[in-house]
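Here is the structure we will look at, set down as structure tokens.
The values are calculated or read from the model by the stated rules, or taken from the named source; none is laboratory data. Bear in mind the structure is a predicted one, so any value in this text is a computation, not a measurement. So basically every Cβ, Gly included, is an ideal-geometry build from the backbone, and we count neighbours across all protein chains shown.
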């Protein structure tokens, strides 16, 4: 069954986008961003102890919770001289190995990436259809928002430093896991409230992950599965969601 796409739907006031696998290649995230954060975490913590103090405190709380749940994280050894850097690094690496959507980890990663972008070491990637889609949607008077497990800072940095230029001028708002898990319907209800739209149906959420689409649909948002080349999701074959392969397919009509 082929489900209808909201191609000319004037009820879509906000396009809400996932990042990884939707606006940005997964390989960039896993082969560039994550290794950069992993390689520079010690250096950043040692050089910016004040900037990471809150993140380390939250990481320690998450570590304690993991131990109580029997997840067996690396040991955390307190150091009388100050922050337990070795323990923090071991736990950060452990979280990254599990691809944990930890708010504290994502906050720390964002700060490390900020330094990489500032020095010109990092340049982010987006799919080639993203800049023209952003321009088209804004010309149609639709707002563009981002919802990613990466921190708000990391999101802003990614879109500010793309090889296509600074795209942040198109984006109205950013949401991260501080509003809640991406698979939870309640997270999307909070986003709808923050967007100040009349109803969830005025928001179109695009993601490459069906579990996230489940949550958004349960909050009454319109949803579309983004199936980029090289990515596979069960919904592509089962017909659970409308499927696109490019943003060119979304709202290609003349401006409203």
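Brief remarks on what is shown
- Filter result for residue 106 (assigned to a loop (DSSP other than H, G, I, E, B), in contact (Cβ under 8 Å) with a residue 24 or more places away in the chain and farther than 23 Å from residue 249 by Cβ): no
- The stretch 20-36, residues that are surrounded by 22 or more Cβ atoms within 10 Å (Cβ to Cβ) and either in contact with a helix residue (DSSP H, G or I) (Cβ under 8 Å, 6 or more places away or on another chain) or at pLDDT below 95 (or both): 23, 24, 33
- Look at (1) crowded, with 17+ Cβ neighbours inside 10 Å; (2) at pLDDT below 95; (3) in a helix (DSSP H, G or I) and you find that residue 236 fails only one, number (1).
- The stretch 163-184, residues that are part of a helix (DSSP H, G or I) and free of Cβ contacts under 8 Å to residues at least 60 places away in the same chain: 168, 169, 170, 179
- Hey, residue 151 touching a strand residue (DSSP E or B) at 6+ places or on another chain (Cβ under 6 Å) and under 23 Å from residue 110 (Cα atoms) or not: no
- Residues in the stretch 211-226 that are outside any strand (DSSP E or B) and surrounded by 19 or more Cβ atoms within 10 Å (Cβ to Cβ): 212, 213, 215, 216, 219, 221.
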